[in-house]
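What follows draws every value from the coordinates through simple rules; no lab data is involved. Just so we're clear, the structure is a prediction, and the values are computed from it rather than from any experiment. No Cβ is skipped: glycine too gets one built from the backbone with ideal geometry, and neighbour counts run over all protein chains shown.
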């Protein structure tokens, strides 16, 4: 089972204030535990939304780009971890050990769509996921 664990943004993270040395050490210790347990697939901090953008779909289907910053800080993410664990209960235990409060969401797997997509599309999705995981991502 794969889960995305997210740290919410706050006024400091949106202002580009870097964490303290103590906070970084605490986070690095936690990351090391995740790596040593073999559950961490990815994890990164994110730049403030002022350096980001969103896309929107217009009524005619065209795409527009809206540059940040974005006003609703409580809805923004400052960082994330992607973990692969055996159960929801194991994920709960990792989340409880995180130095920061987090939101956790389970990722869909291709099998979750078996009832709504054609078997050949499910197989194609499975192959693509394997390919991405096989060489560490896109790009």
Residues of the range 18-54 with backbone N under 15 Å of the label point set 7 Å from the Cα of residue 2 along Cα→Cβ are 39-44
Structure-based [θ]222 nm, the chain - -39500 (n - 2.57) summed over DSSP H runs of at least 4, per residue, nearest 500: -10500 deg cm²/dmol
Roughly speaking, what is the stretch gain from residue 11 to residue 66, that is 0.36 nm per residue apart minus the C-alpha to C-alpha distance, in nm to one decimal? 17.7 nm
Taking a label point 7 Å from the Cα of residue 37 along Cα-to-Cβ, the residues of the range 62-85 whose backbone nitrogen sits under 12 Å from it are 83-85
Taking the range 2-107, the equivalent ellipsoid from its C-alpha gyration tensor has semi-axes in Å, biggest first, of 28, 19, 11
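Normalised by the number of residues in the range 2-107, what is the relative contact order in percent for Cα pairs under 8 Å and 6+ residues apart?
Details: 156 pairs, mean separation 52.3, N = 106.
Normalised by residue count, the contact order of the range 2-107 is 49 percent.
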Pick from 69, 19, 119: which residue has the top mean-square fluctuation in a GNM of the chain where Cα pairs under 10 Å get a spring? 119
